[in-house]
Structures are given as structure tokens and as C-alpha cells.
């Protein structure tokens, strides 16, 4: 008999053990997942969110837990985000019981977009598919080495950008949005009204590196890198790579590869050991590019929208 209830302080040690065991399993499946976990930090974090965490109990033992952070985003809507440390379950029926209880609370709070990051392994993803979730984004990881040495084609140059290049950043990011709007992604109807302000804030961050490729004086490509904040499953000294865009007229010439090579050489020189990036699963061109570059899939973001009807 399974009982689902909110977390109590006496449950925390069992949940921490389950999270640590889960990360160890993930790392056994994919060596680019970091199995290390600061157990005291997780213990303290769970102790602060007992009223937002559900556990499944059987015969006095915890057999599952579920925690999701309620976040409102202009791009992703009013939703709940479940990280690799936010869930454990011994079987699909236990997940079903946990999600039924937690999901009802999230929906009461108006969170109708539900997201979960889980290792891209069928034993971990299939139970979520049965809860109505579908694949949305992939996380790819690459260990940095000295192989990144492709040169830009003749006529192209690379420079560092910044806040003065905001118009370039917005225009090239619009190119990325245009790619996502067509099939099979069909990412239409997203709110991009805060894009300019978000990019200004990003470019103003001293830890952010903005790379711009020019053909003559014309900017044709960009990418952004920054140190990845601490998160479960990621290694220390990891760089995040994003906003990789090449103007449609200048694609298929090796521009993106050479630009990323330069960014990763700089990162390796600065002491970074890994790099992570994300791509939409429906963007086949991006998927094929990142896999051919050497990134390996680790976690997949699953998504479900709760209907109002």
C-alpha cells in the first residue's frame, strides 16, 4: 500500500540517499554526467521546501519523491521545473501517484506547463511518457581538449562583442527564431518582447563572452558563452554555449565550427574542462551539427501542457 504525503524532516536523509543513488546510476549510463553531490547542501535545501515536496511511502520506507520549482517565464509560461534531483521512484505506478498529488497542487497555483530534466535512457523517460510528457530539448556535453583548430574561411574574421553590439545580437537571434518557427519545430506564438532587454543584461555580464564573425564589415554569425552555474549532474569548470547562429546566406561554409572552435580554445585556456549546450529535439539540423561536433546527449527535457478544457 503506497501513501503519498508531503515531505517531513525525518524523510530527508532517505531522499538524499535516493538522489545520490540516482545520480550514480545516471553517471553509469553516461560518463559525462557528474555523480558528485554535496549531500549537506541538498539536505539543507530539502529541509527548506518540505511543504513543496511529496514523498511516496510504503511500509515506513520512502519509495519515491517529487519536487518541482514553480517559475513563471515569458518564453515558457507559468510552469513547474523538475530537475534530476527533484524526482525518484521505484516504478511507474509510484511516479503516477506522486505526480497526481504534486500536479494537482501545481495546477492550483496556475502552473500549467510542466517540465522535467531526466537522463536520456528509456528506463527513465518511459514512465514520464506514460504521464503524458514528450521530448522537448536535449542537453549535450563535451569534454574540452586541444582538437578545436578549424580556421575561418578567407574573408571572415572573429571579434569579441559586447553591449555596443546589441543590434547585431538581436538581429542574429531573430535568425535563430526564424529557424525554430518553421517545421518540424513550429515554435510559434512565443513571447519575445523581452528579448532585447534580456540580451542587454547578458552582454553586460563580465563573465559572458560574445563572439561575432564578420564577412568583411558585415556581421554574419555569433555565439555566447558563460560559466555554467552549479547544477546537479554537471561538472565544475563547465562552460555553457548558447545563441549559436549563422546568417542563412553564410551557412555550410564552416563558419559555425570555426567560431565555436575559437570560443572553446579560449575557454580551455581559461581553465574550463567541459562545455554544455542545448538543442530542440525537433531541430534536426542543430542536432546533427552538435553530434557531429562531438557533443554527447546526457539529459533530455520533457514537457507537458495541462489543458484548460
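In the set (1) modelled with pLDDT of 95 or more; (2) within 28 Å of residue 34 (Cβ to Cβ); (3) more than 20 Å from the chain's Cα centre (by Cα), residue 148 fails one condition alone, (1). Taking the criterion of being touching a strand residue (DSSP E or B) at 6+ places or on another chain (Cβ under 6 Å) and farther than 12 Å from residue 225 by Cα, the residues of the stretch 250-273 that qualify are 250, 255, 256.
Can you find a residue in the stretch 150-171 that is closer than 22 Å to residue 276 by Cα, part of a helix (DSSP H, G or I) and in contact with a helix residue (DSSP H, G or I) (Cβ under 9 Å, 6 or more places away or on another chain)? Within the stretch 150-171 (the criterion being closer than 22 Å to residue 276 by Cα, part of a helix (DSSP H, G or I) and in contact with a helix residue (DSSP H, G or I) (Cβ under 9 Å, 6 or more places away or on another chain)), the answer is yes, since at least one residue qualifies. The one condition from (1) under 19 Å from the mean Cα position of the chain (by Cα); (2) surrounded by fewer than 16 Cβ atoms within 10 Å (Cβ to Cβ); (3) under 29 Å from residue 167 (Cβ atoms) that residue 288 does not meet is (3). Among the conditions (1) closer than 25 Å to residue 217 by Cα; (2) over 20 Å from the mean Cα position of the chain (by Cα); (3) in contact (Cβ under 8 Å) with a residue 24 or more places away in the chain, residue 164 misses just one, which is (3). Just give me the residues in the stretch 178-191 being part of a helix (DSSP H, G or I) and surrounded by 14 or more Cβ atoms within 10 Å (Cβ to Cβ), in sequence order. Once the filter is applied, which keeps residues that are part of a helix (DSSP H, G or I) and surrounded by 14 or more Cβ atoms within 10 Å (Cβ to Cβ), the stretch 178-191 yields 179, 180.
Table: residues versus (1) buried (at least 18 other Cβ atoms within 10 Å of the Cβ); (2) under 24 Å from residue 141 (Cα atoms).
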site	(1), (2)
217	no, no
226	no, yes
238	yes, yes
246	yes, yes
254	no, yes
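Of the strands (runs of 3 or more DSSP E) lying entirely inside the stretch 6-124, those carrying at least 1 residues that are under 16 Å from the mean Cα position of the chain (by Cα), surrounded by 14 or more Cβ atoms within 10 Å (Cβ to Cβ) and not assigned by TED's automatic domain parsing to the domain that holds residue 195 are 69-73, 77-82, 113-119. State whether one or more residues within the stretch 238-249 are over 15 Å from the mean Cα position of the chain (by Cα), under 18 Å from residue 32 (Cβ atoms) and modelled with pLDDT of 95 or more. No - not one qualifying residue is present in the stretch 238-249. For beta carbons closer than 8 Å, sequence separation of 6+ or different chains, a first residue in the stretch 242-255 that is touching a residue at least 40 places away in the same chain (Cβ under 8 Å) and a second that is loosely packed, with under 15 Cβ neighbours inside 10 Å and in a loop (DSSP other than H, G, I, E, B), the qualifying pairs are 253/153; 254/153; 255/153.
The values are calculated or read from the model by the stated rules, or taken from the named source; none is laboratory data. Since the structure is predicted, the reported quantities are computational estimates derived from the model, not experimental observations. Neighbour counts run over all protein chains shown; Cβ positions are idealised from the backbone, glycine included.
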